[in-house]
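Okay, so here's the structure we're looking at.
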Amino acid sequence: MSELLKKIDARTKLAGTNKLEILLFSLGIDQRTGRKETFGINVFKVREVMRTPEITSAPEMPASVEGMVSLRGSLVPVIDLAKYAGIISDKRPEIMIVTEYNGHTQGFLVEAVDTILRLDWAAMRVPPDMITNRMGGLVTAVTELDGGTLVMMMDVEKVLAETAMYGDEHQFVNIEPLKEERMVYFADDSAVARKQIERTFQAMQVKYAYAINGMRAWDDLQRMANQAELAGRKLKDIVHLVLTDVEMPEMDGYMLTKMIKSDPRFAGIPVLMHSSLSGQSNQKLGESVGVDAYVSKFEPQKLSMKIREMLKI
């Protein structure tokens, strides 16, 4: 087996094991604090890493968007993550991480990349309020490596919603309400993504409840299943669909799906995976743990149509 096939096979086996691979990067020393923070991004979102190419400035862009670069004939927006995060450094970012998100490609300027680590989502924690407040909600999960280095997972949904303007108002128009009452439970660690999902459900007039990661969702769903049993009811008559993100601290969407599909109390409740990891390989990973359908973030029209289809309304 070639090295490439070995890598693909190894990553495929991560599904349902609650593990992930992250690329570590830094944004430079913040002159205000003297600190050099370490951040992480899921390897599945990274297309390539390169030296910062020549950037062409573009008019009427947000302050942290440096401009555009041409990559294999396509114009790609470039975002300076240090500027976006409010980190003041005297060094020009030398590295660009090319990422794919919801079918869109963009470059993230960083000072340096370090290494790729394989971690367990159980080791990724919901960030404490101190970090959430200091980073302006930019961090969705944190973990501590051997040696004491703190790694912060960046909320890519938030970055792109505020710089690339993918979440325009027109995406929510013409979403028709359901004719019958339905309840959807969803899990997502991004505050921006949760707000977008809620707006879609409100337009559909769908009842909903949510959790900020897979572990909390699983706790909630088990409690609901226990209550249904005590009441002599089937949970599928109370919760009609589960919507889950993939990347979440403590328990990811693959593991959450695996737990739901292995528990007979959840029989008849479809699971819809909703992720910015929009490649075919990620959809295959979802299928391997029993996901019933997959829709990429964030397209409210497609999400609402898929939910309507799965609820058979």
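A compact table of results
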read-out: Cα gyration tensor, the stretch 231-309 - rounded (a/c under 1.5), prolate or oblate; value: oblate
read-out: Area of SER57 that stays accessible when all protein chains are in place (1.4 Å probe, Å², to 10); value: 90
read-out: Descending Cα extents along the principal axes, the chain, whole Å; value: 64, 46, 46
read-out: Entries in LYS83/LYS306; LYS195/LYS258; LYS83/LYS195; LYS158/LYS236; LYS195/LYS306; LYS19/LYS312 that, when Cα-Cα distance is taken, lie over 28 Å; value: LYS83/LYS306; LYS158/LYS236; LYS19/LYS312
read-out: Computed over the stretch 93-228, the ratio Rg/Rh where both radii use C-alpha atoms and Rh is Kirkwood; value: 1.02
read-out: 10 Å Cβ shell holding at most 16 others, DSSP loop, trypsin sites (Lys or Arg not before Pro): longest site-free stretch of the chain; value: 92-178
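The values are calculated or read from the model by the stated rules, or taken from the named source; none is laboratory data. All values derive from a computational prediction rather than experimental measurement. Neighbour counts run over all protein chains shown; Cβ positions are idealised from the backbone, glycine included. Accessible surface areas use protein heavy atoms only, side chains included; no ligands, DNA or RNA. Shrake-Rupley method; radii C 1.70, N 1.55, O 1.52, S 1.80 Å.
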